[in-house]
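To start, the structure itself, in structure tokens.
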Amino acid sequence: MKIKIIDNFLSNEDFNELCKINLKKISKNEIKVYHNKIFKNGKIQTSECIEHKFLEKLHRDYSEKTLNILKELYPKKYDLYEFSEFHIIETGANYSFPIHDDTPDKLLSGVIYLKPEKNSGTLFYSSKSGQDKKEIKWKQNRAVFFSRKERSTWHSYNGDGNNNRVALVYNLMTSKIKDVCKVEGSNFFTTISRYKINPYLYRFFKKTI
């Protein structure tokens, strides 16, 4: 699996602005996702906790950078891009998201670590059972990107047991799932069926198929 790690991904101004966003209080055993979606033409479909003007700025300032990362990691998916997600995700200190390989509508999966200063990073594995665990350690304003592939890009994340974990999830997205499956060499119907029976992932995926 190819992983792109970029420290100081966001400008100091943008990083500080994201860290200042007021989020609803959650317990150490919960996870909360704030959804933000903007299309390549600038149209905003959903926006939670990030103001429209700031969302437009993020899209304008970082789209070329992330599209170039997609071109580097999985060039055959580059032309499938339709919209971007800028989700804010707060993960409770005691919450653990299971090992998964992301839904096929994600062309490029990215996370930028926001706060606190210390927490747990993103875990990658060579199999769904958790073999060969590798952690991309937490560092504020560090970005971690990869392009998912069916049954290959296994990863997970969790709180560190002490503090809730807040990150910006920055994904390049598509609705062209059949084309993704063709590029990856996977079966469309088998792929869709996998995610329909996965309660953790299907709730995020069902609106795009």
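The values are calculated or read from the model by the stated rules, or taken from the named source; none is laboratory data. What you see is a predicted model, and the numbers here were worked out from it, not measured in a lab. Here the Cβ positions follow ideal geometry from the backbone for every residue, glycine too, while neighbour counts run over all protein chains shown.
Some observations on this one:
- Considering (1) closer than 15 Å to His87 by Cβ; (2) crowded, with 16+ Cβ neighbours inside 10 Å, the lone condition that Leu67 does not fulfil carries the number (1).
- Residue check, Ser63 among the polar types (S, T, N, Q) and either touching an Asp or Glu at 6+ places or on another chain (Cβ under 6 Å) or part of a helix (DSSP H, G or I) (or both): yes
- The number of residues in region 18-49 being more than 13 Å from Val166 (Cα to Cα) and of a type in the set (D, E, K, R) comes to 4.
- Taken as a whole, region 29-41 holds at least one residue that is under 27 Å from Tyr125 (Cβ atoms), touching a strand residue (DSSP E or B) at 6+ places or on another chain (Cβ under 9 Å) and of a type in the set (A, V, I, L, M).
- Candidate set from region 1-45 (those that are within 24 Å of Lys139 (Cβ to Cβ) and aromatic (Phe, Trp, Tyr)); member that is surrounded by the most Cβ atoms within 10 Å (Cβ to Cβ): Phe9
- There is no residue in region 82-99 that is free of Cβ contacts under 8 Å to residues at least 40 places away in the same chain and either surrounded by fewer than 18 Cβ atoms within 10 Å (Cβ to Cβ) or not hydrophobic (A, V, I, L, M, F, W, C) (or both).
- The set of residues from region 185-196 being more than 12 Å from Asp105 (Cα to Cα) and either touching a Phe, Trp or Tyr at 6+ places or on another chain (Cβ under 6 Å) or modelled with pLDDT of 95 or more (or both) comprises just one member, Lys196.
- Close pairs from region 126-137: first without any contact (Cβ under 8 Å) to a residue 24 or more places away in the chain and at negative phi, partner assigned to a loop (DSSP other than H, G, I, E, B) and polar (S, T, N, Q), Cβ under 9 Å, at least 6 apart: Lys133/Ser126; Lys134/Ser126; Glu135/Ser120; Lys137/Ser120
- Pairs meeting the criteria (first residue in region 1-20 and within 22 Å of Lys133 (Cβ to Cβ), second residue assigned to a helix (DSSP H, G or I), beta carbons under 6 Å, at least 6 apart or on different chains) are Lys2/Leu73; Lys4/Ile69.
- Residue satisfying all of: in region 66-120; in a loop (DSSP other than H, G, I, E, B) and of a type in the set (Gly, Ala, Ser); nearest to Ile3 (Cα to Cα) among these: Ser120
- Just one of the listed residues (Leu58, Leu23, Leu10) is hydrophobic (A, V, I, L, M, F, W, C) and part of a helix (DSSP H, G or I), and it is Leu58.
- In the set (1) at pLDDT below 95; (2) part of a loop (DSSP other than H, G, I, E, B); (3) surrounded by fewer than 18 Cβ atoms within 10 Å (Cβ to Cβ); (4) not polar (S, T, N, Q), Lys149 fails one condition alone, (3).
- The single condition from (1) of a type in the set (A, V, I, L, M); (2) in a loop (DSSP other than H, G, I, E, B); (3) within 24 Å of Phe188 (Cβ to Cβ) that Ile50 fails is (3).
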